[in-house]
Amino acid sequence: MTSKLTARPEAITFSASTTALIVVDMQNGYCSPGGYFDHLGVDLTPTQQVIPSIAKLVTTARGAGIQVIWLQNGWDTDLKEAGGAHSVNQRKGNSLKLMRAKPELAGKLLTKGGWDYDIVKELAPETQDIIVPKPRYSGFAGTALDSILRSRRLDTLLVCGVASNVCVESTIRDAFFLEYFPVLVRDACYQAGPEFTQQATVYNVEQFFGWSATVDDVASACNSSLAA
């Protein structure tokens with residue numbers, strides 16, 4: 001059963017059985033006071049709207065039979081997954097630089113086993129969901145995401161989370177390069193930086209890498225499919 005999703009720049013059709021909802025990095029480090037983004041000075045105000053929006057989206061997806069996949073960004077306590085001494089990730093990764101600059105934060109930011117790494121309590125994954133740890137911005141870089149999707153014949157990806165202009169957009173770009181059909185759920189994500197970076201990501205996705213839709217658009221398409 002296919003459904004028509006109202007999207008920009010044009011509507012697309014999808015089937016719940018071949019669709020995944022990719023929730024990107026909704027972790028304490030990126031969303032909660034006292035987390036990595038808070039230490040970095042990122043405005044966390046948008047999380048007050050985004051977390052409930054994602055909760056609604058996840059509930060809608062589960063009800064429609066869409067596979068929910070959570071991406072979780074971070075590294076082991078020894079930072080082996082963060083790259084060696086000559087890694088560009090070590091050079092540019094803001095959380096890594098912050099931990100080096102402030103020794104009291106060492107081992108606390110986006111580190112597996114810690115509060116900062118955990119998904120926020122409002123969005124607890126369920127048994128049928130899949131969690132994919134990722135050591136870089138893109139959900140496809142150094143992970144099993146591609147094989148997880150292909151082995152389940154999933155080709156349409158609804159993508160939401162944080163940050164729109166970094167990990168969300170990176171994942172969507174790689175999805176496009178790998179021949180998936182990515183849809184940015186634009187009101188279920190927020191940016192790291194000024195508002196224009198969010199607008200730029202929406203523009204990039206709509207013009208070059210996929211489509212964008214809203215939470216209500218997805219809900220409407222899923223409800224229409226269930227009623228058919």
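Read-outs: derived from the displayed coordinates by stated rules, not from any lab. Predicted model, so just to flag it, every value in this text is computed and none were measured. Neighbour counts are summed over all protein chains in view; Cβ atoms, including those assigned to glycine, are modelled from backbone coordinates with ideal geometry.
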Give, as ranges by residue number, the residues of the range 92-110 whose backbone N falls under 16 Å from the point 7 Å along Cα→Cβ of residue 77. 105-110
Under unit Cβ charges (Lys, Arg +1; Asp, Glu -1), what dipole magnitude, rounded to 20 debye, does the chain have relative to its Cα centre? 400 debye
In nm, what is the difference between 0.36 nm times the number of residues separating residue 87 and residue 195 and their Cα-Cα distance? 35.9 nm
For a quick check, take a GNM of the chain with Cα springs below 10 Å and name the residue from 128, 207, 27 with the largest mean-square fluctuation. 128
Most mobile listed residue (174, 129, 78) in the chain, GNM with C-alpha springs under 10 Å: 78
Output the relative contact order of the chain, whole-number percent, from Cα pairs under 8 angstrom with separation of 6+ residues. 28 percent
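Relative to the present Cα-Cα distance, how much length would full extension add between residue 4 and residue 112 at 0.36 nm per residue of separation?
35.0 nm
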Cross-link list 97/121; 92/134; 80/108; 92/112: which exceed 18 angstrom alpha carbon to alpha carbon? 97/121; 92/112
Could I have the simple spin-label model distance between residue 101 and residue 59, label points 7 Å from Cα toward Cβ, reported in nm to one decimal? 4.0 nm
Hand me the trypsin sites (Lys or Arg not before Pro) from the range 129-171 located in a DSSP loop with no more than 10 other Cβ atoms within 10 Å, in residue order please. 153
Can you compute the helix-only [θ] at 222 nm over the chain? Use -39500 (n - 2.57) per DSSP H run of at least 4 residues, normalise by all residues, nearest 500 deg cm²/dmol. -9500 deg cm²/dmol
Only Cα pairs within less than 10 Å get springs; with that Gaussian network setup on the chain, which residue of 154, 98, 57 has the largest fluctuation? 98
